[in-house]
Amino acid sequence: MKIYLAGHRGMVGGAILRQLEARQRKGEALELVTRTHAELDLTNQAGVRDFLQSECPDAVILAAAKVGGIHANNTYPADFIYDNLMIEANVIHQAFKAGVRRLLFLGSSCIYPKEAAQPMGEAALLTGELESTNEPYAVAKIAGIKLCESYNRQHGTDYRSVMPTNLYGPGDNFHPQNSHVLPALIRRFHEAAEEGRDEVVIWGTGAPRREFLHVDDMAAASLFVLDLPRERYEAITQPMLSHINVGCGEDVSILSLAQLVARLTSFEGKIVTDPSKPDGTMRKLMDISRLTDLGWTPTISLEQGVEETYHWFLKHGNNARL
């Protein structure tokens, strides 16, 4: 089976690549195809067309995306909606034109309305207003789901979508402003502990609750969904409500998360909240019953995962995205 993995240098794509390579080492007959951004710009329609026509993969995993935290989404909304729309439209359409029958699209939990009932089930999609801080990105991800569903309806393809909760782990972006909350906290508390600071300020009130999933669990879930027999996937989904949530089923407050990171980084000072900064959605917990009913559950606890991620940061700090 020939698989094109788009976004193999990203955190999620890298985790999927590691698991596919592990399958190869175990003797599974897989041919993996990857391209760096320098080799293939996925926003370039002609380039994507020529590449997929030439390679003709059996399956495509679309893990490539422009991603970032609240600050990045607020600062670069046009970049987030344009780049992600172009990537999705080009890869999904050109995969169809190249005869690719199976595709897996990776989305985001931000597709759900900001006032969605908790935990958020797949049926909450398009039932209310999105969170304003990342609406452009969310709209692009919703478009990706609907592209997959529409090609399935019109052309009989087998294009699937998985919606991860907040992800973290090896290969994350640790930039202090453009990263997501957990890697940003890891870097901030690590530096504060090293410098002997008395306090660390975190954005918002600390009250919002978030769910976190280790990227290796996300990779395992993605391949699990990709490997499902078509009849089993279609039996638990609907033609225009076909995406599957991926999470751990538990959430934690941002303040509690900061306290965990402080402990694991040996920071002994005070944690100060800054209510002048945006909180974002107050709670985002995924209903993962659709996935667990299929037989998949995560294996990495939050404390174990954060501790492993911190050790990865210490080892790879010079090469991490800082």
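Figures for the structure shown
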| read-out | value |
| --- | --- |
| Condition check for residue 280: under 21 Å from the mean Cα position of the chain (by Cα), in contact (Cβ under 8 Å) with a residue 40 or more places away in the chain, in a loop (DSSP other than H, G, I, E, B) and under 27 Å from residue 192 (Cβ atoms) | yes |
| Segment 146-172 - residue that is assigned to a helix (DSSP H, G or I) and touching a Phe, Trp or Tyr at 6+ places or on another chain (Cβ under 7 Å) and, of those, surrounded by the most Cβ atoms within 10 Å (Cβ to Cβ) | 148 |
| Sole exception among (1) under 19 Å from the mean Cα position of the chain (by Cα); (2) over 30 Å from residue 276 (Cβ atoms) for residue 66, by number | (2) |
| Selection from segment 188-208 of residues that are touching a residue at least 24 places away in the same chain (Cβ under 8 Å), within 17 Å of residue 273 (Cα to Cα) and part of a helix (DSSP H, G or I) | 189, 192 |
| Condition check for residue 87: over 21 Å from residue 210 (Cβ atoms), among the β-branched types (Val, Ile, Thr) and at pLDDT 95 or above | yes |
| Positions within segment 301-322 being surrounded by 18 or more Cβ atoms within 10 Å (Cβ to Cβ) and either within 25 Å of residue 253 (Cα to Cα) or not aliphatic (A, V, I, L, M) (or both), in sequence order | 302, 305, 306, 309, 310, 313 |
| Residue 17 under 18 Å from residue 100 (Cβ atoms) and of a type in the set (A, V, I, L, M, F, W, C) | no |
| Residue satisfying all of: in segment 193-205; of a type outside the set (Phe, Trp, Tyr) and under 27 Å from residue 281 (Cβ atoms); surrounded by the fewest Cβ atoms within 10 Å (Cβ to Cβ) among these | 199 |
| Tally, over segment 173-186, of residues that are in contact with a strand residue (DSSP E or B) (Cβ under 8 Å, 6 or more places away or on another chain) and outside any helix (DSSP H, G or I) | 5 |
| In segment 286-301, residue nearest to residue 235 (Cα to Cα) [restricted to those that are aliphatic (A, V, I, L, M) and assigned to a loop (DSSP other than H, G, I, E, B)] | 288 |
| Qualifying residue in segment 247-254 (condition: surrounded by fewer than 23 Cβ atoms within 10 Å (Cβ to Cβ), within 28 Å of residue 18 (Cα to Cα), of a type in the set (Asp, Glu) and touching a Lys or Arg at 6+ places or on another chain (Cβ under 7 Å)) | yes |
| Count - residues of segment 134-156 that are farther than 16 Å from residue 69 by Cα and of a type in the set (Lys, Arg) | 2 |
| Filtered residues of segment 1-18 (kept if of a type outside the set (Ser, Thr, Tyr) and under 16 Å from residue 59 (Cα atoms)) | 1, 2, 3, 5, 6, 7, 8, 13, 16, 17 |
| Condition broken by residue 62, with the remaining ones in (1) farther than 17 Å from residue 99 by Cα; (2) touching a residue at least 60 places away in the same chain (Cβ under 8 Å) satisfied | (1) |
| Residue identified as closer than 15 Å to residue 167 by Cα, of a type in the set (Ser, Thr, Tyr) and modelled with pLDDT of 95 or more among 299, 265, 273, 292 | 299 |
| Residues satisfying the stated conditions in segment 114-127, i.e. surrounded by fewer than 19 Cβ atoms within 10 Å (Cβ to Cβ) and either among the polar types (S, T, N, Q) or part of a loop (DSSP other than H, G, I, E, B) (or both) | 115, 117, 118, 121, 126, 127 |
| Subset tally (residues that are surrounded by fewer than 16 Cβ atoms within 10 Å (Cβ to Cβ) and in a helix (DSSP H, G or I)) for segment 226-246 | 7 |
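The values are calculated or read from the model by the stated rules, or taken from the named source; none is laboratory data. Bear in mind the structure is a predicted one, so any value in this text is a computation, not a measurement. We place every Cβ from the backbone using ideal geometry, glycine too, and count neighbours over all the protein chains shown.
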